[in-house]
1. Residues of the stretch 1-29 being in contact (Cβ under 8 Å) with a residue 12 or more places away in the chain and not aliphatic (A, V, I, L, M), which ones?
2. Being of a type in the set (S, T, N, Q), under 18 Å from M1 (Cα atoms) and either more than 14 Å from the chain's Cα centre (by Cα) or at pLDDT 80 or above (or both) narrows it down to one residue among N39, N65; which is it?
3. Please specify each residue of the stretch 35-60 satisfying the condition of being surrounded by 13 or more Cβ atoms within 10 Å (Cβ to Cβ) and not in a helix (DSSP H, G or I).
4. Inspect all residues belonging to the stretch 15-32 and state whether any of them is modelled with pLDDT under 85 and not in a helix (DSSP H, G or I).
5. Checking F32 against (1) out of contact with any Phe, Trp or Tyr (no Cβ under 8 Å at 6 or more places or on another chain); (2) surrounded by 12 or more Cβ atoms within 10 Å (Cβ to Cβ); (3) among the aromatic types (F, W, Y); (4) in contact (Cβ under 8 Å) with a residue 12 or more places away in the chain: exactly one of these is not met. Which one?
6. Within the stretch 18-46, work out how many residues are among the acidic types (D, E) and within 16 Å of D8 (Cα to Cα).
Amino acid sequence: MKFAKLLDRKPVKINVVLTSGLAQKLREYAAFYAETYGNKEEVAELVPFMLEAYLDSDAEFRKGNKKRSGEPIGVES
């Protein structure tokens with residue numbers, strides 16, 4: 001399991017269009033999460049945390065994000 005058990009939080013509703021293959025993988029991941037932590041979570045509840053973990057683990061994104069911090073929106077370097 002790549003990330004820790006989710007903390008208490010307010011429900012978040014998201015709407016996305018996924019390929020059928022990705023939707024199946026996400027359902028399988030949610031089942032794996034339930035087996036690991038004994039707590040069933042809906043895919044829509046897991047996705048924001050999965051995306052956050054992915055972005056936090058992307059060194060190039062973090063490096064670029066630090067470089068861009070402080071720049072006004074819409075200004076390119």
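The values are calculated or read from the model by the stated rules, or taken from the named source; none is laboratory data. It should be emphasised that the depicted structure is a prediction, and the values quoted were computed from it without experimental measurement. Ideal geometry is used to build each Cβ from the backbone, glycine not excepted, and the neighbour counts take in all protein chains shown.
1. Residues satisfying the conditions are K2, F3, K5, P11, K13, R27, Y29.
2. Within the list N39, N65, the selection yields N39.
3. Scanning the stretch 35-60 gives a single hit, E41.
4. As a first pass, look at the stretch 15-32 and keep what is modelled with pLDDT under 85: 15-16.
Subset that is not in a helix (DSSP H, G or I): 15-16.
Yes; the residues of the stretch 15-32 include at least one that is modelled with pLDDT under 85 and not in a helix (DSSP H, G or I).
5. Every listed condition holds for F32 apart from (2).
6. Restricting attention to the stretch 18-46, the residues satisfying the condition of being among the acidic types (D, E) are 28, 35, 41-42, 45.
Those still in the list that are within 16 Å of D8 (Cα to Cα) too: 41-42, 45.
The qualifying residues number 3.
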